[in-house]
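Laboratory data are not the source of any read-out in this text; all were calculated from the coordinates shown. In this text the structure is predicted, and so the values were computed from the model without any measurement. All Cβ positions, even for glycine, are placed from backbone atoms using ideal geometry, and neighbour counts span all protein chains on display.
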Number of protein chains: 2
Amino acid sequence: MERVPVLKIGEILLVSIQIDMEDQVALQLQEDLAERIVATGVRGVIIDISALDIVDSFVGRTLATIASVSRVLDAETVVVGMRPAVAITLVELGLSLPGIRTALNVDLGIAMLARQDEDIDLLGDEDDTDQVAEPTP
Amino acid sequence: MERVPVLKIGEILLVSIQIDMEDQVALQLQEDLAERIVATGVRGVIIDISALDIVDSFVGRTLATIASVSRVLDAETVVVGMRPAVAITLVELGLSLPGIRTALNVDLGIAMLARQDEDIDLLGDEDDTDQVAEPTP
């Protein structure tokens with residue numbers, strides 16, 4: 001079976017999706033990624049989709065699931081390299097990839113993850129809401 | 001046509017080969033990589049082959065050509081992620097990937113490139129021989 005490799009680069013995991021996201025491939029990727037996050041303790045995952053001509057609702061859902069699973073394991077996911085045509089098609093299809101953060105390329109994705117990691121270190125808690133809950137002493 | 005994406009990560013270019021290396025794909029990759037090396041001015045290229053079940057003589061030749069072209073453009077190539085079974089088959093086939101440097105994974109490949117870049121900076125020349133020239137104080 002085809003399998004998407006998960007590469008560890010410094011403090012992030014990188015996945016470059018180049019093959020068709022069939023059910024089994026997507027499930028295997030989710031599993032591999034979750035296992036690698038736990039094994040390596042990284043805080044960031046970057047998924048490159050620059051090789052994809054089309055992102056349909058299944059791929060969108062797969063990306064969202066990966067992001068959710070990673071978040072539960074304390075790692076943030078950034079999707080990078082989306083082609084302009086893919087973005088246009090996504091919006092035309094009514095898909096807006098909720099819960100998924102995007103960056104133009106891998107370097108910008110790494111910068112985004114580094115910034116956020118800094119924020120977490122500074123605040124001792126992730127700031128996703130407008131109201132910041134102060135940890136009780 | 002399928003195309004292998006070339007990702008820029010900091011000071012290196014990363015290529016993760018996941019699809020079959022047919023003639024056109026290999027040629028396109030060589031072209032894309034050479035263009036990106038010139039456009040970005042990077043000194044290192046990492047090619048991940050952890051997704052490949054088999055490396056035949058054509059893939060071996062493609063990797064060697066990529067390494068040679070990169071070298072002419074002043075960038076070193078490291079092939080990473082080779083599976084144990086692939087290494088065994090390579091040797092059984094009498095292929096030893098001459099002119100290609102390898103590392104176990106991406107992190108080690110980056111470290112290899114960084115060391116060599118340091119050597120170049122320190123000595124003003126690449127040191128590939130057994131005799132280590134001590135920098136004069």
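Can you tell me the orientation of helix A:106-123 relative to chain A, as the angle in degrees between its alpha-carbon axis and the longest Cα principal axis, to the nearest 10? Helix A:106-123 and the main axis of chain A meet at about 20 degrees.
Spin-label model, A:Val72/B:Leu27: points 7 Å from Cα along the beta carbon direction are separated by 4.8 nm. Peptide A:5-16 has a mean of 5 when you count, residue by residue, the C-beta atoms of other protein chains within 10 Å of its C-beta.
Each copy carries a label point for A:Arg83 at 7 Å from Cα along the beta-carbon vector; from one copy to the others these points are 2.8 nm apart, nearest first.
Can you show me the helix-derived [θ] at 222 nm for chain B, built from DSSP H runs with n ≥ 4 at -39,500 (n - 2.57) apiece and divided by the number of residues, rounded to the nearest 500.
Details: 4 runs with 61 residues, N = 137.
Mean residue ellipticity, 222 nm, calculated: -14500 deg cm²/dmol.
Extension gain, B:Glu118 to B:Glu11: 0.36 nm times the residue separation minus the Cα-Cα distance gives 37.2 nm.
Between the helical axis of A:23-40 and the longest alpha-carbon principal axis of chain A there is an angle of about 30 degrees. Look at the stretch A:43-50: the mean tally of other chain Cβ atoms within 10 Å of its residues' Cβ atoms is 1.
In this structure, the amide hydrogen of A:Val80, modeled 1.01 Å from its nitrogen in the peptide plane, lies closer than 5 angstrom to those of A:Ile47, A:Asp48, A:Ile49, A:Ala103, counting only residues at least 5 positions away or on a different chain.
Placing a pseudo-label 7 Å from each Cα along the Cα-to-Cβ vector at A:Asp20 and A:Thr89 gives an inter-label distance of 1.4 nm. Distance between the pseudo-spin-label points of A:Asp107 and B:Ala111 (7 Å out from Cα toward the beta carbon): 2.6 nm.
Working from Cα pairs under 8 Å separated by at least six residues, relative contact order for chain A is 21 percent. Between the helical axis of A:57-72 and the longest alpha-carbon principal axis of chain A there is an angle of about 20 degrees. For B:Gln24, the point set 7 Å out from Cα toward Cβ sits 2.7 nm from its twins in the other copies, listed from shortest up. Peptide A:96-107 has a mean of 1 when you count, residue by residue, the C-beta atoms of other protein chains within 10 Å of its C-beta.
The ellipsoid that matches the Cα gyration tensor of the stretch A:6-123 has semi-axes, each √(5λ) in whole angstrom, of 22, 17, 12, with the longest given first.
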